1. I'm told Thr175 meets every condition in (1) of a type in the set (S, T, N, Q); (2) under 29 Å from Gln48 (Cα atoms); (3) buried (at least 16 other Cβ atoms within 10 Å of the Cβ) except one. Can you identify the failing condition by its number?
2. Looking only at the stretch 226-260, which residues are at pLDDT below 75, open to solvent by less than 60 Å² (accessible area, probe 1.4 Å), among the aliphatic types (A, V, I, L, M) and within 23 Å of Gln273 (Cα to Cα)?
3. Can you tell me which residue within the stretch 340-361, out of those that are over 19 Å from Ala375 (Cα atoms) and at pLDDT 85 or above, is surrounded by the most Cβ atoms within 10 Å (Cβ to Cβ)?
4. One residue is enough: does the stretch 196-213 have a residue meeting the conditions of a type in the set (A, V, I, L, M, F, W, C) and modelled with pLDDT of 75 or more?
5. Report yes if some residue within the stretch 82-91 is open to solvent by 40 Å² or more (accessible area, probe 1.4 Å), in a helix (DSSP H, G or I) and under 19 Å from Gly161 (Cα atoms); otherwise report no.
6. For the stretch 314-332, name all the residues that are in a strand (DSSP E or B) and crowded, with 19+ Cβ neighbours inside 10 Å.
Amino acid sequence: MSPRCRSPYHRGVSTRPSPERFQPPLEWYSHAWRLAVCLGISLLIWSQAWTAQWEDHRVLFWLDTAGGLASFPLVMLRRRWPLTVAVLTGLMTLFSGGAAGPATLAAVSLATRRQLVPIIVVGVVGVIAGQGYADTQDFGRDPNFWFDFFVNVTFNVAILGWGMYIGSRRELLWTLRDRAERAETEQELRISSARGNERARIAREMHDVLAHRISQVSMHAGALAYREDLTADQMRSSAAIIKDQANEALTDLRAVLGVLRAPDTGELLDRPQPTYADLRGLIQEARGAGMHIEFTELLAADDVPELVGRTVYRIVQEGLTNARKHAPGALVQVRLSGSPESGVDVMLRNPLGFASIPGAPGAGLGLVGLGERAALRGGVLEHRKDGSTFVLHGWIPWAA
């Protein structure tokens, strides 16, 4: 396994988790088949010596039996004390063939941790103990040291290599599982972030769209509430304007909600967003509602990019809304200039008003949202007081 694919267990000492992290929990059936394999190995090794032990050296028979019986409960503690149990069961195979099975299981379990020094220690103990058992229990045949040594070395290398393979496979599975869980968590975070961004975008659009309409409704409704000298025709005219503006607000609200994406395809359901071409209509509409506007347009090109034109539209719309609420009846100067090389410059100026429209509250967040919108397009938006004049100045790059 390449270093880039390895878990934090192999990348440093300070961040190294416990080796038990790679060990799966043992159920009763997992214990059962492991102990059954151990019993088979023990019987296979011991069967070559128990007849001679019983006939010629009965003490060795009972010693072998005791070692085998003691090794089985001892190997159950291999995960709590892996090196100690592996060494003890390995030493017990020096005089007990019945302990060969538990010693094999303890050595494999230790090797799954893939720690070089303990593996070498257990391997040396296994080779020495196995060679000693072969020499001391060699009844009825000519001893062959090198053959027995080769068998011992091969067997110990095989079981330790098998344990290292199991440990590597467990670590790989843990790494894949960890990556899957991390990817799932990151996907949930991305979805949550996308939802938050979409909600913020819709909220900004709703503010930019509805504030202009609602301010006109508020202005005419305030006139109806505070003026007692209006004729019946003037009242009907104001009521008609209120109705029209309310209908326009509902239409704009549906347009904003129509920007939501289709749940099955992810495509935009509608794109009823204003462009630069709608700016003149906005000016005419504001003039029709009673505002005094001086509009100057000095752009060197007519094909303003869609995103740039929409941002400019929103800036002018918010400036007119603020002027209507805070300086009713004042002259508003709107000046647009620029070119593809220099960008679009937006300037709105109006005298500071002495009174605001009754019943026209404002959170003061419209200019903040527009500043964020301009910044997203690579531009800037600032507002200031220039003597007795309020100035709203923005600049948007042409290629935003």
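1. (2)
2. Residues satisfying the conditions are Ala249, Leu253, Ala255, Val256, Val259.
3. That would be Asn350.
4. No; the residues of the stretch 196-213 include none that is of a type in the set (A, V, I, L, M, F, W, C) and modelled with pLDDT of 75 or more.
5. Within the stretch 82-91, the first condition is being open to solvent by 40 Å² or more (accessible area, probe 1.4 Å), and the residues that meet it are 83-84, 88, 91.
Checking the rest, the ones that are also in a helix (DSSP H, G or I) come to 83-84, 88, 91.
Now restrict to residues that are under 19 Å from Gly161 (Cα atoms): 83.
Scanning the stretch 82-91 turns up at least one residue that is open to solvent by 40 Å² or more (accessible area, probe 1.4 Å), in a helix (DSSP H, G or I) and under 19 Å from Gly161 (Cα atoms).
6. Here is the first cut: in the stretch 314-332, the ones in a strand (DSSP E or B) are 331-332.
Residue satisfying the conditions is Val332 alone.
So that you can scan it fast, the table gives a plain yes or no per residue for (1) within 20 Å of Tyr165 (Cβ to Cβ); (2) more than 55 Å from the chain's Cα centre (by Cα); (3) in a helix (DSSP H, G or I):
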{"position": "Gly40", "(1), (2), (3)": "no, no, yes"}
{"position": "Leu43", "(1), (2), (3)": "no, no, yes"}
{"position": "Ala52", "(1), (2), (3)": "no, yes, yes"}
{"position": "Ser71", "(1), (2), (3)": "no, no, yes"}
{"position": "Gly98", "(1), (2), (3)": "no, no, yes"}
{"position": "Thr104", "(1), (2), (3)": "yes, no, yes"}
{"position": "Ser109", "(1), (2), (3)": "yes, no, yes"}
{"position": "Ile119", "(1), (2), (3)": "yes, no, yes"}
{"position": "Ala129", "(1), (2), (3)": "no, no, yes"}
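For every residue, the table says whether it meets (1) farther than 27 Å from Ala32 by Cα; (2) buried (at least 16 other Cβ atoms within 10 Å of the Cβ).
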| position | (1), (2) |
| --- | --- |
| Leu105 | no, yes |
| Pro118 | no, yes |
| Ala129 | no, yes |
| Gln137 | yes, yes |
| Arg169 | no, no |
| Glu186 | yes, no |
| Ile191 | yes, no |
| Ala200 | yes, no |
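The values are calculated or read from the model by the stated rules, or taken from the named source; none is laboratory data. Everything numeric here is computed off the predicted structure, so don't read it as measured data. A quick note on method: Cβ atoms are made from the backbone with ideal geometry, for glycine too, and the neighbour counts reach across all protein chains shown. Surface accessibility is based on the protein's heavy atoms, side chains included, excluding ligands, DNA and RNA. Shrake-Rupley method; radii C 1.70, N 1.55, O 1.52, S 1.80 Å.
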